Amino acid sequence: MRNALQLSNGFIVTTDNSGAIGQKKLDVVNVPDDMTSYFSARVTLLEQWAEGAEPEAIILHNFSDEDAWQRYVAGISRLFNEMGMVIPRITGSTESNIKTMQSGIAVTMIGEPVKDFPPIQALKWFTYGKPLIGNELVAEPEKVANMKCIYEAIQQGIIGRIWPVGSKGISKEAQILFGEISFDCAWDIYKSAGPSTVVILGIYEEKLQQAKQFFGELLQPIVFKL
């Protein structure tokens, strides 16, 4: 589910959280803490892009322990470094009074709108990536929508609109974006996409061939039913 808030000064606030995913013994999904923060930051950044914004500051909420802070910061930093982006300022808070039994993290970004959107009808629509959740991400990392590719495509003017898919699946996000319209695509439209392992992309028609070469076989068309 998309979580974006526009403040009165125009700034965009987006956020994502993860619970029981990390390095603690009782976590449901056991992965390094930096991987948890990487994917939470990934979702939050995609939400910024969906609003046409770029982040200027990051607030990290750490419910794990003080030792996890640097690992969480490392995961967030890795996301931006992979894309060659400047890492926004990071601040936040750690729960240090009570020792929690499971990991918990939230990543919030504050960004400034920098882009206007073309009409939905002016774009050709595709899914990019495969819906994955939990340990599926570890098993099929090559099927996850690549953030560096998305960022470069935005910079090159290939993408007119981006819409991340979350736990409600492609069907729910397509309904928000397109309204009540039937469509087909390559994936189970009701399956959770976890930390936005699949995104919906609106591509300029004159950029279609370039987009197909750019994104490869993970770029699959959305076919609307009349």
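Scoring ASN30 on the criteria (1) farther than 15 Å from THR108 by Cβ; (2) modelled with pLDDT of 95 or more leaves a single failure, condition (2). Filtering segment 6-59 to residues that are among the hydrophobic types (A, V, I, L, M, F, W, C), surrounded by 22 or more Cβ atoms within 10 Å (Cβ to Cβ) and either at positive phi or touching a strand residue (DSSP E or B) at 6+ places or on another chain (Cβ under 7 Å) (or both) leaves ILE12, ILE21, ALA41, VAL43, LEU45, LEU46, TRP49, ALA50, ALA53, ILE58.
To keep it simple, each residue is scored yes or no on (1) modelled with pLDDT of 95 or more; (2) over 16 Å from PRO221 (Cα atoms).
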| site | (1), (2) |
| --- | --- |
| PHE126 | yes, no |
| GLY129 | yes, no |
| ILE133 | no, yes |
| ALA139 | no, yes |
| VAL144 | yes, yes |
| GLN156 | no, yes |
| TRP163 | yes, no |
| SER167 | no, yes |
| LYS172 | no, yes |
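Filtering ALA122, ALA139, ALA145 for residues that are exposed (fewer than 12 other Cβ atoms within 10 Å of the Cβ) and either small (Gly, Ala, Ser) or not assigned by TED's automatic domain parsing to the domain that holds ASP188 (or both) leaves a single hit, ALA139. Each residue in segment 105-116 was checked for being surrounded by 14 or more Cβ atoms within 10 Å (Cβ to Cβ) and part of a loop (DSSP other than H, G, I, E, B), and 0 of them qualify. I'd like the full set of residues that are hydrophobic (A, V, I, L, M, F, W, C), out of contact with any Pro (no Cβ under 6 Å at 6 or more places or on another chain) and closer than 27 Å to ILE154 by Cβ, limited to segment 51-74. Passing the criteria: ILE59, LEU60, VAL73, ALA74. ILE58: part of a strand (DSSP E or B), modelled with pLDDT of 95 or more and of a type in the set (A, V, I, L, M), yes or no? Taking the combined requirement at face value, the residue satisfies it.
When the residues of segment 90-104 are filtered to those that are within 17 Å of PRO55 (Cβ to Cβ) and of a type in the set (Val, Ile, Thr), the one that is surrounded by the fewest Cβ atoms within 10 Å (Cβ to Cβ) is THR91. In the set (1) at pLDDT below 95; (2) among the polar types (S, T, N, Q); (3) in a strand (DSSP E or B), SER8 fails one condition alone, (3).
Within segment 200-212, the set of residues being crowded, with 19+ Cβ neighbours inside 10 Å and over 17 Å from PHE224 (Cα atoms) comprises just one member, ALA211. Summed over segment 81-104, the residues that are part of a loop (DSSP other than H, G, I, E, B) and either assigned by TED's automatic domain parsing to the domain that holds TYR151 or closer than 26 Å to GLN23 by Cα (or both) give a count of 11.
Quick check on my filter: what residues within segment 73-83 are out of contact with any Phe, Trp or Tyr (no Cβ under 8 Å at 6 or more places or on another chain) and closer than 18 Å to TRP49 by Cβ? Across segment 73-83, the qualifying residues are PHE80, ASN81, GLU82. Scanning segment 58-83 for residues that are touching a Lys or Arg at 6+ places or on another chain (Cβ under 6 Å) and among the aromatic types (Phe, Trp, Tyr) yields no hits at all. Across segment 178-225, the number of residues qualifying as in a helix (DSSP H, G or I) and farther than 22 Å from PHE39 by Cβ comes to 12.
Checked against the criteria, SER77 does not count as among the small types (Gly, Ala, Ser), outside the structural domain of GLY202 (by TED's automatic domain parsing), surrounded by 20 or more Cβ atoms within 10 Å (Cβ to Cβ) and farther than 24 Å from ILE159 by Cβ. Filtering segment 134-177 to residues that are assigned to a loop (DSSP other than H, G, I, E, B), among the hydrophobic types (A, V, I, L, M, F, W, C) and under 16 Å from the mean Cα position of the chain (by Cα) leaves VAL144, ALA145, VAL165.
The values are calculated or read from the model by the stated rules, or taken from the named source; none is laboratory data. Just so it is clear, the model here is predicted, and its values are computed rather than measured. Positions of Cβ are backbone-derived with ideal geometry, glycine not excepted, and every protein chain shown enters the neighbour counts.
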